[in-house]
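First up is the structure itself, then whatever we jot down about it.
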Amino acid sequence: CKRKKGGISMRIGICPGSFDPVTLGHMDIISRACKIFDKVIVAVPVNPDKRASFTVEERMEMLRTVTADMENVEVDCVRGLLADYASEKHAAAMALTNKKLNPEFETLFLPTSIEHMFLSSSMVKQIAGFGGDISHFVPECLLEKINQRLCRTAD
């Protein structure tokens, strides 16, 4: 979807996810979306039914840290339906359900690069929980914070 800003059309994309925690796969998708869209909103949904390891605020802060050098990225949280949020932001939502909720939105499925296809936040949590090395799966600047939260210590 295009939004006019000062007479210039902007292509705005939303990259939603739990980001619990942020992985190199997430970063791959966000950086590639930045090349497609004029503005990318990295959206962290508030989901009361999901038990997260990091609060919405912590996940947003981690995302702001790792996207600080990406000029066209904005990090925000979504309270409610992503389709409603996308409409408010005049953006194209990147999730299949949203096409049914608002047919005006195009869906773009941007998979992660092959080297990160196996990677998920759940996998990172499991490896860290057993004291494994997650340094190849998460941004280096977040490694210590993620390990402190997820690594189980022996009693």
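The values are calculated or read from the model by the stated rules, or taken from the named source; none is laboratory data. Given the structure is predicted, the values throughout are model-derived calculations rather than measurements. All Cβ positions, glycine included, derive from the backbone under ideal geometry; neighbour counts span all protein chains shown. Only protein heavy atoms, including side chains, enter the accessible area calculation; ligands, DNA and RNA are left aside. Shrake-Rupley method; radii C 1.70, N 1.55, O 1.52, S 1.80 Å.
The table that follows gives values for the structure above.
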{"quantity": "Long pairs among 35/89; 39/125; 125/145; 35/125, criterion Cα-Cα beyond 22 Å", "calculated": "39/125; 35/125"}
{"quantity": "Environment charge of residue 40, counting only residues whose C-beta is closer than 10 Å and scoring Lys/Arg +1, Asp/Glu -1", "calculated": "+2"}
{"quantity": "Surface accessible to a 1.4 Å probe, per residue, for the residues of region 11-67, Å²", "calculated": "42 Å²"}
{"quantity": "Peptides ranked, highest mean first, by Cβ atoms within 10 Å: ranges 12-18, 114-120, 128-134", "calculated": "12-18, 128-134, 114-120"}
{"quantity": "63, 82, reordered so the largest accessible area comes first (probe 1.4 Å)", "calculated": "82, 63"}
{"quantity": "Solvent-accessible surface ranking, highest first, for 11, 51, 79 at 1.4 angstrom", "calculated": "51, 79, 11"}
